[in-house]
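The structure appears below as structure tokens.
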Amino acid sequence: MSAPYEAFDTTPEPPWSREAEQSLLGALLNDNGALSLVGDLVGPQSFFAESHRVIFMAITSLLAERHPADTITVFERLQQTHDVEVFGGLKYLNSLWQSVPSARAARRYAEIVADRFAERALIAGCDEARKISAEQGSTLTDRMEGIASVLARVEQQRKGLGCRVPMMKL
């Protein structure tokens, strides 16, 4: 007979901040120039929520094409490429735009988003390192080199996060 606690999933939710992701997107919708303040810190992969990743990509692609990125233009772009209702539609984009405390704090929101991404990457890297350490048939040196390679990749991901959208003055 199994203990009652075994029925519960004890896996913690990966680290992320819904509020920081939403505030960053809202700041970008409010002030497209804020991308120049955060582009070195975040890219699409930085966002944990798939909907936020897709919205960020729509914003940055519009800006890369030298088009404004506001709730209407982002909504139109998402309509062309995704089922916008899955991501909350125009109502959700409007809520992002209206609820941002301040576009001036975009850099701080991006730092939080980037930190949470780095934490998730480190957790994944540690999981991979644990598997490498338990490999049978590999020498200790090979396993240590494999683990070092994993950790170096995590560090490189953390350093190379920024989005690759040409920065422009709007």
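Here the accessible area is traced with a 1.4 Å probe on the protein chains. For the chain, carbon and sulfur cover 55 percent of it. Residues in the chain average 60 Å² of solvent-accessible surface per residue, probe 1.4 Å, ligands and nucleic acids excluded.
From the P(r) of region 41-88, could you give the percentage of C-alpha pairs in the tail past 18 Å? Percentage above 18 Å: 25. Considering only A105, M144, P44, and ranking their Cα positions along the charge dipole of the chain that arises from unit charges at the beta-carbon of Lys, Arg, Asp and Glu, the one farthest toward the positive end is A105.
Calculated mean residue ellipticity, 222 nm, the chain: -19500 deg cm²/dmol, from DSSP H runs (n ≥ 4) at -39500 (n - 2.57) each, averaged per residue and rounded to 500.
The Kirkwood hydrodynamic radius of the chain, based on inverse pair distances between different Cα atoms, is 17.8 Å. Applying 0.36 nm per residue to the separation of D70 and R158 and subtracting their alpha-carbon distance, the gain on full extension is 28.8 nm.
Charged neighbours of S102, selected by a Cβ distance under 13 Å, balance to +2 (K, R count +1; D, E count -1).
Remark: relative contact order (region 53-100) = 30 percent; criterion is Cα-Cα distance under 8 angstrom and separation of 6 or more residues. Any idea what the relative contact order of region 1-124 is, in percent, if you count C-alpha pairs under 8 Å spaced at least 6 apart? Relative contact order comes out at 44 percent.
Helix 140-159 and the longest principal axis of the C-alpha atoms of the chain enclose an angle of approximately 10°. The loop-placed GluC sites (Glu not before Pro) in region 47-123, going by DSSP, that have at most 11 neighbouring Cβ atoms within 10 Å of their Cβ come out as E65.
The values are calculated or read from the model by the stated rules, or taken from the named source; none is laboratory data. Just so you know, these numbers come straight off a predicted model, no measurement behind them. We place every Cβ from the backbone using ideal geometry, glycine too, and count neighbours over all the protein chains shown. Ligands, DNA and RNA are stripped out before the accessible areas are found, and what is left, the full protein with its side chains, is counted by its heavy atoms. Shrake-Rupley method; radii C 1.70, N 1.55, O 1.52, S 1.80 Å.
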